[in-house]
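First the structure, in the form of structure tokens, and then the observations on it.
The values are calculated or read from the model by the stated rules, or taken from the named source; none is laboratory data. No experiment lies behind these values; they were computed from the predicted model shown. Cβ coordinates were reconstructed from backbone atoms using ideal geometry, including for glycine residues, and neighbour counts include every protein chain displayed. In case anyone asks, the SASA skips ligands and DNA or RNA and just uses the protein heavy atoms, side chains included. Shrake-Rupley method; radii C 1.70, N 1.55, O 1.52, S 1.80 Å.
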Amino acid sequence: ASTPPAQEAQPKPSSRPGGFIGCAMDLRVAAPASVAAAARRGVLGVGCARVRPLQGRRQCRPSVRVSVATTESAAAAAAVAASAAEDEETTNPRTVVAVVLGGGAGTRLFPLTKRRAKPAVPIGGAYRLIDVPMSNCINSGINKVYVLTQFNSASLNRHLSRAYNFSNGVGFGDGFVEVLAATQRPGSEGKTWFQGTADAVRQFAWLFDDAKSKDIEDVLILSGDHLYRMDYMDFVQSHRQRDAGISICCLPIDGSRASDFGLMKIDDTGRVISFSEKPRGADLKAMQVDTTLLGLPKEEAEKKPYIASMGVYIFKKEILLNLLRWRFPTANDFGSEIIPAAAREINVKAYLFNDYWEDIGTIKSFFEANLALAEQPSKFSFYDASKPMYTSRRNLPPSMISTSKITDSIISHGCFLDKCRVEHSVVGIRSRIGSNVHLKVRPLACKNHKQK
């Protein structure tokens, strides 16, 4: 076959909306048959890799598409271009809305939650837990976000209004960040507060019928008390390419913590065939699987025989509304009620997140996650210039340190340290440590506020 003339590279605007538009080089090369077969066998979307655009600020710069000439016919080249255009459309962040759940009463985090909601609990010295899903949304290009709140929400509302708004915080372009507080409504059923994760979304499901939601195709459900860094659009792309009605973000886990999470079984295509929320005893043993299916080495798979849900879901909008309004109108929770039942009749897919993730749900996990930030090397770092973590602007001066020794520690803004010694600690904002003080934090042994 004759070689078609190489096409001249044409500038093409990036598809990232809301002021987070950057410059991208989109290079598409046909994969060998073996790679294509492996992608088809990719159980958890691992075959859905793509080149990510660099994130810019408020400046629309054109991206460049490079065409690679092959010996295929011009018709094949046109088909590749059509497929590329289709891929861009399916991963447009404008068609995704995020719903961040503000969590329950937070009794396992008491006294940190005595006067604040779980997502408002500090992390890493200068951040709040809510900053994690909010920053992940910004870095993923998702600029339509609802935050559902109920318990002790004053501190959380104040932080969101200062950090994520149109006037003096992080700009969202044509998007929005709206706080949806639990409220009572007319009628006998409207006298109750949020009864669970699904009930909270159900009470505000009418927003998805609003005119500004007409372009929304998928609803991303997030928790406000987790620590991780993730590109949600990779998750969305896998969800759409595999034509899933529901997708669940998951990770392999060992038996010591398995009973604290929702566990699932999957088949060789990545479809969830069984889901159990926080099983114990014989039910826990029944959820063991061969995690080599996820690509884990045999030794690691033996140590982590469970597949745990991260509490991060994607629903097709029509399917979500149907499940909440008609199929399971009395179900209150996604993990324990809706997803286990929906897995028997809807295409529910698992998506592997093989990176650092921590559920900050107890005092023990709170201390361990904070102290882990000060380790060298740390498992998670806030110091990533390409995917920064945002928070509210405090206008505090730099910390002043006088004749002190600091080892493996994080010192936040506006602190005064005078003739002291700090080891393996996280010092929060506006802290004072006086002379002759030796601060060294050790791992916490107790699990809740009732234990001494």
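Mind listing whichever residues of region 421-431 are touching a Lys or Arg at 6+ places or on another chain (Cβ under 8 Å) and either at positive phi or not acidic (Asp, Glu) (or both)?
Residues satisfying the conditions are Arg421, Val422, His424, Ser425, Ile429.
Return only the number of the condition from (1) surrounded by fewer than 20 Cβ atoms within 10 Å (Cβ to Cβ); (2) more than 17 Å from the chain's Cα centre (by Cα); (3) under 29 Å from Gly295 (Cβ atoms) that Ser399 does not satisfy.
Unmet condition: (3).
Is it the case that some residue within region 349-361 is assigned by the TED database to the domain that holds Asp225 and more than 18 Å from the chain's Cα centre (by Cα)?
no
Are any of the residues in region 101-117 outside the structural domain of Glu368 (by the TED database), modelled with pLDDT under 75 and on the phi > 0 side of the Ramachandran plot?
no
Mind checking whether some residue in region 315-323 is of a type in the set (A, V, I, L, M, F, W, C) and either more than 29 Å from Asp215 (Cβ to Cβ) or not in a helix (DSSP H, G or I) (or both)?
Yes: one or more hits.
Looking at region 290-302, is at least one residue open to solvent by 80 Å² or more (accessible area, probe 1.4 Å) and polar (S, T, N, Q)?
No.
Write out, first by first residue and then by second, each pair whose Cβ atoms fall under 9 Å of each other, whose residues are 6+ apart or on separate chains, and whose first residue, in region 373-389, is without any contact (Cβ under 8 Å) to a residue 12 or more places away in the chain while the second is not in a loop (DSSP other than H, G, I, E, B).
Partner pairs satisfying both residue conditions: Ser378/Ala372; Ser381/Leu373.
Select from region 273-288 the residues that are in a strand (DSSP E or B) and open to solvent by less than 80 Å² (accessible area, probe 1.4 Å) and write down the one among them that is nearest to Arg344 (Cα to Cα).
Ser274
Take the residues of region 287-317 that are aliphatic (A, V, I, L, M) and under 18 Å from Ile339 (Cα atoms): which is nearest to the chain's Cα centre (by Cα)?
Among residues in region 287-317 that are aliphatic (A, V, I, L, M) and under 18 Å from Ile339 (Cα atoms), the one nearest to the chain's Cα centre (by Cα) is Val312.
Cβ contacts < 8 Å: first residue of a type in the set (D, E, K, R), restricted to region 273-291; second residue open to solvent by 50 Å² or more (accessible area, probe 1.4 Å), any location; separation 6+ or different chain. Result?
As it stands, the answer is Glu277/Ser336; Lys278/Asp260; Lys278/Ser336, since those pairs meet every condition given.
Which of the residues spanning region 330-340 are touching a residue at least 12 places away in the same chain (Cβ under 8 Å) and assigned to a loop (DSSP other than H, G, I, E, B)?
Result: Ala331, Asn332, Asp333.
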